[in-house]
């Protein structure tokens, strides 16, 4: 890894706002479209909402999404609380596409909370990105304990977020207090750093109030569809499973996530077909760990599973449908009610640790391993797991460590592509200089504009150097250290490819320009 001798500079279109930063998550490139603004004090309509002030912006998130015309449009929501419990916020039947997503995101000037439910009722509403919009279902309605599950289909005793559409992306969100499922997903959806918690715990919810009907079914995430990705999610304190994969779901990826303190299973696989990839997850204090029921050919790699009713169960049903041909490698199973229970055939187990792994501080939730851990250098190399739960490179020693964390590793290679789009506030696409800086631990990293003078720095801020350019196309020229050689005008297709030695943080205002390339990859995604 090459470390630069001066701050890494890149060229981005002029941004009207650099706000509170959130942890980078993969984002698909979006070309410019219309931008509409939502403010709690908004007094405008769609005709004026492209101007960002109280007189022109609309006052509700529903009004904002109702302004959407087509691919590339964006709704920006300023900090505040919107909506009311029991109110559905319905996404219209409009779709983006893989190059021009529709985006609903927080402005970054304060936390956005929406009361009620976020619903994607149309399967044709695809290629949306929802970023930074927190949702509180309020355990509404308050009579779910008195109904049957069949009648609950006709009233919203169900979820806080429901997406029937495909190819939608949800990031940097908190979802809580559902009367039934927290989040229900269709096909090909991605959830990045989404916290889903405390569903079904109120006495009037369907799960706690009517356990004979729906006891233990208020899951953090629920899907019976294909190709969903859960990356860095956290699901906890739910009256049900952390993640429930059922009835034909297949090719689901769960990685770098924390699933804990759920009454049921951390992840349930029930007739969940095949080819799930589960790695680098922290699983603790659940009713059970991974429960695989008549589901085949999945991979469970480098998970840390501690203090659950069981670790991993591979179960055959009463009709002889087995959980077969699964692969379990490099997992820590410690202090669970049981270790690995295998009723299937063709399952492969290797390099799993069931003795004391010598965690740093398990009682306080720190499952990093210590220098004398038997998990160190005791794993097998896995191409699917090039980094650990923290994003650090594997291996750090002579071999992979067992479990979600790699001892003593430094941040791994991460490839990003940054794309230039037309500034929605001007007609030009002229490039401006920005520098990456890093704050001290526990303080957000920021992007600061770098004009002719050095930007002011907050106390404790230092320059971040472990980033360098790999390739570029079009746009201005710069030297190998990222220093501008010649200013110029960017085309909307201009992009750079860069490599980072660790996680970067970007303000919400520019995350739509960033897409992640798989760690260690040399190609664009």
Next item on the list: For segment 188-208, state whether one or more residues are surrounded by 24 or more Cβ atoms within 10 Å (Cβ to Cβ), assigned to a loop (DSSP other than H, G, I, E, B), on the phi > 0 side of the Ramachandran plot and in contact (Cβ under 8 Å) with a residue 40 or more places away in the chain.
Entry: yes
Item checked: Qualifying positions in segment 112-141 - part of a loop (DSSP other than H, G, I, E, B) and crowded, with 20+ Cβ neighbours inside 10 Å -> 125, 126, 127, 132, 137, 138, 139, 140
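Do you know which residues across segment 234-252 are surrounded by fewer than 24 Cβ atoms within 10 Å (Cβ to Cβ) and at pLDDT 95 or above? I'd like the intermediate steps shown before the answer.
To start, the set of residues in segment 234-252 that are surrounded by fewer than 24 Cβ atoms within 10 Å (Cβ to Cβ) comprises 234, 236-237, 246-248, 250-251.
If the condition is that a residue be surrounded by fewer than 24 Cβ atoms within 10 Å (Cβ to Cβ) and at pLDDT 95 or above, then 234, 236, 237 are the ones that fit.
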Item checked: Boolean, residue 310 is in the same structural domain as residue 348 (by TED's automatic domain parsing) and surrounded by 24 or more Cβ atoms within 10 Å (Cβ to Cβ) -> no
Notebook entry, point to check: Name the residues in segment 202-223 that are in contact with a helix residue (DSSP H, G or I) (Cβ under 6 Å, 6 or more places away or on another chain) and at pLDDT 90 or above, would you?
Noted result: 218
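Okay, residues lined up against (1) in contact with a strand residue (DSSP E or B) (Cβ under 6 Å, 6 or more places away or on another chain); (2) surrounded by fewer than 22 Cβ atoms within 10 Å (Cβ to Cβ); (3) part of a strand (DSSP E or B):
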{"position": "49", "(1), (2), (3)": "yes, no, no"}
{"position": "52", "(1), (2), (3)": "yes, yes, no"}
{"position": "69", "(1), (2), (3)": "no, yes, no"}
{"position": "99", "(1), (2), (3)": "no, yes, no"}
Check: Would you pick out the residues in segment 324-346 that are closer than 17 Å to residue 302 by Cβ and either more than 28 Å from the chain's Cα centre (by Cα) or without any contact (Cβ under 8 Å) to a residue 40 or more places away in the chain (or both)?
Finding: 326, 327, 328, 334, 339, 340
Next item on the list: Please go through segment 292-304 and pick out each residue that is under 23 Å from the mean Cα position of the chain (by Cα) and part of a strand (DSSP E or B).
Entry: 299, 300, 301, 304
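Quick check, is residue 213 in contact (Cβ under 8 Å) with a residue 24 or more places away in the chain and in contact with a strand residue (DSSP E or B) (Cβ under 9 Å, 6 or more places away or on another chain)?
Working: in contact (Cβ under 8 Å) with a residue 24 or more places away in the chain: yes; in contact with a strand residue (DSSP E or B) (Cβ under 9 Å, 6 or more places away or on another chain): no.
The answer is no for residue 213.
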Item checked: Search result, residues across segment 313-363 that are more than 18 Å from residue 283 (Cα to Cα) and exposed (fewer than 14 other Cβ atoms within 10 Å of the Cβ) -> 317, 318, 319, 320, 345, 346, 348, 350
Checklist line | Residues of segment 382-399 satisfying the condition of being over 14 Å from residue 277 (Cβ atoms) and assigned to a loop (DSSP other than H, G, I, E, B) | finding: 388, 389, 390, 391, 394, 395, 396, 397, 398, 399
Check: For the subset of segment 267-282 comprising residues that are under 17 Å from the mean Cα position of the chain (by Cα) and part of a strand (DSSP E or B), which member is farthest from residue 253 (Cα to Cα)?
Finding: 282
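The values are calculated or read from the model by the stated rules, or taken from the named source; none is laboratory data. Being a predicted model, the structure only gives us computed values, none of them experimental. All Cβ positions, even for glycine, are placed from backbone atoms using ideal geometry, and neighbour counts span all protein chains on display.
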